[in-house]
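Here the structure is laid out as structure tokens; the discussion comes afterwards.
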Amino acid sequence: GQDMPLDYPVNIAMATAFALIVVSCAKSAAAFAVPPAFGKTASMFSSSITTSLSSSSPSENGNPTTMPFFAAPFFAADPAAASPASSSGQPPPQSAATVTLRLPLGTLFDGRDYVFVTESNVRGYEWTMKEADILMDDLTDAALGNMGVEGSSSASSSPLLADYELSQIVLVPTADWDSSRLGLGNRYDVYDGQQRLVTLNLLLAGLRDSFRREADELSANDKEGTGGGKRAVALAATAQEISGMLMPARVRKEDVARMTLRRRDNVLLEKIAIGDTDGDGSGGEGSSSSSPPVRDYSGMSARQRSDLLSPLSSANARIFHNFVHLLDRLASLTTRERLRLLDYIVERVHLLVCIPETSRIARNIVMSQGRKGMDNEPIDDFKGLVCFRYTLEEGDMYQVFDRWDSLAAEPSSRPSTDVDPSGEDITPVGRDIVSSACQLRASAALRTKIRSRGGDEVYEWERWLRQEMWARNQRRSEQLGSDIGQEKSTSVRQPWQGKDFFDEEIKPASAALYKFRTGQWDEFYFLSKTGAKKNMTKKQRDTTVARLNFLRDITIGVTSAKEAEIVVLELLLRAEDAGADSSNSNHMLSRYLDEILPLIEKWSLWMALTRPSPMKRHARVFALLDAMDDVDAVGSLGLEMSSPGDDGNGTIGSLLRERMDEYEFGTTAGGKRLAAAILKRMNAYLMVEEKKVVPSGKGAPTVEIIQHHLTSDDALDELAYRIGNLALVSKAPPRNSGRRKNKHDSSYWENKSRRYKKEPWLLTRQLSELDKWDLDAMQDQQKDLVSLMDLVWSLET
């Protein structure tokens, strides 16, 4: 169920009911349903699989089989199906609908009704001293008001200012609260509000420690043996009250902290909440006379701070620095001011507590508000699923988490090749590239269009992840059974899980997409000097690069061809695997590059020129994906250029020629980008055929209109925007070049032809050989380019 830990047991009755639902709905919901069980060999996997969802369901032969640990999706569509009973027999907190309450902090931090964890908040604690200062300033200004110096006349008469609204937090009930161990209460996963809640914990801990130290000082300086008097007792009692807010106690029940981060980031927060001491590190919860002194974090030397923080995560470091900073701020306040601040925080600081029914609703609420911590995106939620929900071992969880961070770092912020925490070279590609790679790969795997609808894509990504996990584990199970049947020695293996998904799906797809979008063709092994020399001739490599450049230009620059990236990425990943596979690399690689890649290029041109509906574009993309598995099915899939057009008149090839001849490229920015891509591809084709070097500079070429007014007849002005009147140039032409020029002005054409003669593009240089440019010259160029289109894209076949 949602927010359910991997080792959470599901009772047999529930599992049986779930299995029956799966059987009855298999045909209509196969992608989400749990597939057939692993089989008899499932028990041979690592024992970690049995520490996950370990319920039983009947198999075909009547023997019970183990449900895989990923049986229930995190973002379940049906909240009832995703809410297992807790191990204590107490049902998790359920609500008939989303509940929103306005609660003072004193109520929220009283008892165990609200205990917070951050299972899904993958971004961790990120507030710095700047954000902590802003919150501290707001609270002290609101609490102290005009109190000024202690003892002033206004101090006793001025009432507290108005309530302070600390905005909304979004919580989802978890299913792991065990009342037999923890007593009555509820635990909530914090979807929004982690930064504020952690900082409030630190501020309250700072107030507690300040009161405790003051009580201890009064007791130590008391020469009459009264324990510091009533003032010391009152301060000690106040410190004890705050301790109860941070560590709500229950008689005969286990300890629990108000706020718990992920284990790696929770080290210092836990110590601070307990009240870490200079002695054995245990908290001092008694009176000031019996409690050991709390650890003086603010008095640590630089060396002590370094020794403390060096083995800890960056979130721990931020917690430490913010806590020390808040201690210093509190030290500047008088006892009365600190008491006034405490009363204000407990009584007058309010939060709008939103408790949705499911994690999916919570996520939609947070995304609709456009805020969550620091710029949270759907890819961050998916990162949390892969790293924590679908990875079994805690050590693996954080290793994958760190490696994901290395991959998603901005390329400009790190060296081109970095070393990730596992010691493996990794190239940062940026979070947007990782997100796009997941979107494209999920679309290919699920054969469906995935829309970006306020974050809903994460549900489809999880479906892709679960589908891959099932398929991979099924193959492992079958292979393991084969090994057992052949009496081969087999080592205990873990199931294929989130860490493997990152290594084998997300990382290579992100790297390939980054290379494709940035045009780093030499970084692909099959196109590198080593790989290309082994697998293809120079002409084949140059042709492949020209095709990929064309696909890159139109998928980036032309909206109607964007979907082609789905199949391009699939081809690049397959070609990379085939190029590195020495057993059968030449056959498979040549098939992908010589048969499939030209098809992708033709149909991408079709998308760009004809601008079909999204449904038709996706249908062609999915047919191309199918063709990669069975190239002999190209004809039956309707992918040949000789196939009938959508209107039944003529063929796809004739339709493209017609569209090329009529398309007014020069009227829009998108049309000019398409024309630049087409002319660049045509130039590359001619230069490869003539064994000339194709320009590969970093600057993207563009097109310019050769002459705006080709004739005095205004009715023919639209001819100026056809591809025959466009020239590919290395840089943008001078402003208003060719506009309102006299067609009989010979100096105008002479200036242009001199400029064209210096261009590296073959077709542009050929224009400079003409004596003049007029309507006849434009029409001849138009016919030549449409004819050249047949050669470049083989439209006659």
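The values are calculated or read from the model by the stated rules, or taken from the named source; none is laboratory data. Small disclaimer: the values here were computed from a predicted structure and weren't measured. As a convention, Cβ positions derive from the backbone with ideal geometry for all residues, glycine included, and neighbour counts pool all protein chains shown. Ligands, DNA and RNA are stripped out before the accessible areas are found, and what is left, the full protein with its side chains, is counted by its heavy atoms. Shrake-Rupley method; radii C 1.70, N 1.55, O 1.52, S 1.80 Å.
For this structure, a couple of remarks:
- Within a straight-line Cα-Cα reach of under 17 Å, LYS533 can be paired with the following aspartates and glutamates, leaving aside sequence neighbours fewer than 8 residues apart in one chain: ASP522, GLU523, ASP542, GLU576, ASP577, ASP581, ASP594.
- ILE355 - accessible surface, heavy atoms, 1.4 Å probe, Å² rounded to 10: 20 Å²
- Taking amide H positions as modeled 1.01 Å from N, with prolines and chain starts lacking one, the residues under 5 Å from ASP192 and 5 or more places away or on another chain are VAL170.
- To the nearest 10, the accessible area of TRP177 is 10 Å² with a 1.4 Å probe.
- Of HIS325, HIS587, HIS709, the residue with the largest accessible area leads and the full order is HIS587, HIS709, HIS325 (1.4 Å probe).
- Whole-Hz ³J(HN,Hα) from phi, Karplus 6.51 cos²θ - 1.76 cosθ + 1.60, for the range 522-531, glycine and proline x: 5, 7, 7, 4, 5, 10, 6, 4, 6, x
- By average C-beta atoms within 10 angstrom, highest first, the peptides 553-565, 229-241: 553-565, 229-241
- Applying the Karplus relation 6.51 cos²θ - 1.76 cosθ + 1.60 with θ = phi - 60° to the range 245-262 yields 3J(HN,Hα) values of 6, 7, 10, x, 8, 9, 5, 6, 10, 5, 5, 8, 8, 4, 10, 10, 8, 4 Hz, where x marks Gly and Pro.
- Overall form of the range 301-356 per C-alpha gyration tensor (a/c, 1.5; a/b vs b/c): oblate
- Among 299-311, 534-546, the order from most to least packed when residues are scored by Cβ within 10 Å on average: 534-546, 299-311
- In order along the range 753-762, the Karplus-derived 3J(HN,Hα) couplings, from 6.51 cos²θ - 1.76 cosθ + 1.60 at θ = phi - 60°, round to 5, 5, 5, 5, 5, 8, 6, x, 8, 4 Hz, and Gly and Pro are given as x.
- As a fraction of the 1.4 Å probe accessible area of the range 750-797, surface on carbon and sulfur atoms comes out at 47 percent.
- Accessible surface of the range 322-370, 1.4 Å probe, proportion on carbon and sulfur as whole %: 51 percent
- Long pairs among LYS230/LYS253; LYS680/LYS752; LYS692/LYS731; LYS562/LYS758, criterion Cα-Cα beyond 24 Å: LYS230/LYS253; LYS562/LYS758
- Built amide H within the under 5 Å cut-off of THR260, gap 5+: PHE116, VAL117, THR118
- Residue-level accessible surface for LYS731, protein heavy atoms, 1.4 Å, Å²: 150 Å²
- Long-range amide H partners of ILE426 with built H, under 5 Å: ASP418, VAL419, ASP420
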